[in-house]
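Remarks on the structure that follows.
The values are calculated or read from the model by the stated rules, or taken from the named source; none is laboratory data. Worth saying up front: this structure is predicted, and the values here are computed from it rather than measured. Glycine gets a Cβ as well: all are built from the backbone with ideal geometry, and neighbour counts include every protein chain shown.
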Amino acid sequence: MAQAGIGVPATEVHRGDCWARGRSLVAVSAERARAELAGGAQPCVVCRPDRVLNRP
């Protein structure tokens with residue numbers, strides 16, 4: 001899996017290799033990405049990091 005990252009503002013989670021991530025991406029651990037998703041951040045509809053992180 002590519003690294004996951006949080007876009008700025010932190011409303012959407014992307015995989016590190018996502019072409020739709022925009023200009024700003026802060027690399028985070030898979031654990032942090034899972035926590036962000038659980039806290040209400042939206043998964044990117046292009047790269048679907050929630051699928052590789054085992055989050056429905």
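Count of region 6-17 residues, restricted to those that are at pLDDT below 75 and either closer than 10 Å to GLN42 by Cα or part of a strand (DSSP E or B) (or both), is 4. Can ALA20 be described as modelled with pLDDT of 90 or more and not in a strand (DSSP E or B)? Judged against the criteria, ALA20 is not a match.
Among the residues of region 23-45, those identified as loosely packed, with under 12 Cβ neighbours inside 10 Å and part of a loop (DSSP other than H, G, I, E, B) are ARG23, SER24, SER29, GLY39, GLY40, VAL45.
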